[in-house]
Amino acid sequence: MIKYAKFVISNTDYKKCPAPTKPEFAFIGRSNVGKSSLINMLTNHKSLAKISGRPGKTQLINHFDINDKWYMVDLPGYGFAKVSKGIKNTWEKMISDYLTNRDNLVALCVLVDSRLEPQKIDLEFITWCGQNEIPFVIIFTKSDKQGKSKTNQSVHKFLEECVRIFGEAPQYFITSAQNAEGKEDVLEFIENEVTEYYDSL
Ligand code: GDP
């Protein structure tokens, strides 16, 4: 259960992130995938993460302290077409530096829109995660936007692509920020990982 969630700091440089003394779970996805809404839903906040009116607005690594036990990290969305190449490269470097250097990162939650056919940019990103041994799970978002069978269909298609790339499907969750589907499952996953993290110290 999330008793409290507190904003800690925003950074562009992983080296300035809080000391890696707590297990960390980061959230990333294409702009507009529903990342801010999911973070707010998980933490029972209306506006812990800013729901973006303008895609690509969050360009920082945002740390939130959860229960004084673990960090939730809101990473900048990727794949926003309207940014210049220069900004894109800065983002990519910031994200890849963070992901490959953050020792306390337990899992990266990659958000994927449950309404869409598998998107090239998501598949490229998780391929990069695999190549760099970043532990990730998939969180499908906005499940309330269509019927269950349509959601299951696109989830299945995406997982098939994962099997094609990795030979196996990753752990995944189907969620909605609107009706809180998947909330308990995601939190249970994180809580178990947090317990394991402290047990292994
Ligand atoms: P971000 O850019 O990934 O942080 O996405 P936001 O959380 O700002 O959401 C983008 C848009 O999708 C907003 O208009 C949200 O209200 C909407 N949205 C996000 N999650 C859901 C969801 O689970 N269900 C529905 N129906 N709409 C959602």
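The values are calculated or read from the model by the stated rules, or taken from the named source; none is laboratory data. Keep in mind that what you see is a predicted model, and the values were worked out from it rather than measured. Ideal geometry is used to build each Cβ from the backbone, glycine not excepted, and the neighbour counts take in all protein chains shown. For accessibility, only protein heavy atoms count, side chains too; no ligands or nucleic acids. Shrake-Rupley method; radii C 1.70, N 1.55, O 1.52, S 1.80 Å.
Name the single residue, out of those in segment 1-22 being hydrophobic (A, V, I, L, M, F, W, C) and open to solvent by 40 Å² or more (accessible area, probe 1.4 Å), that is farthest from the chain's Cα centre (by Cα).
Restricting to residues being hydrophobic (A, V, I, L, M, F, W, C) and open to solvent by 40 Å² or more (accessible area, probe 1.4 Å), the top hit is A19.
Residues of segment 150-175 being out of contact with any Leu (no Cβ under 9 Å at 6 or more places or on another chain) and of a type outside the set (D, E, K, R), which ones?
Result: T151, N152, Q153, V155, H156, L159, V163, F166, G167, Q171, F173, I174.
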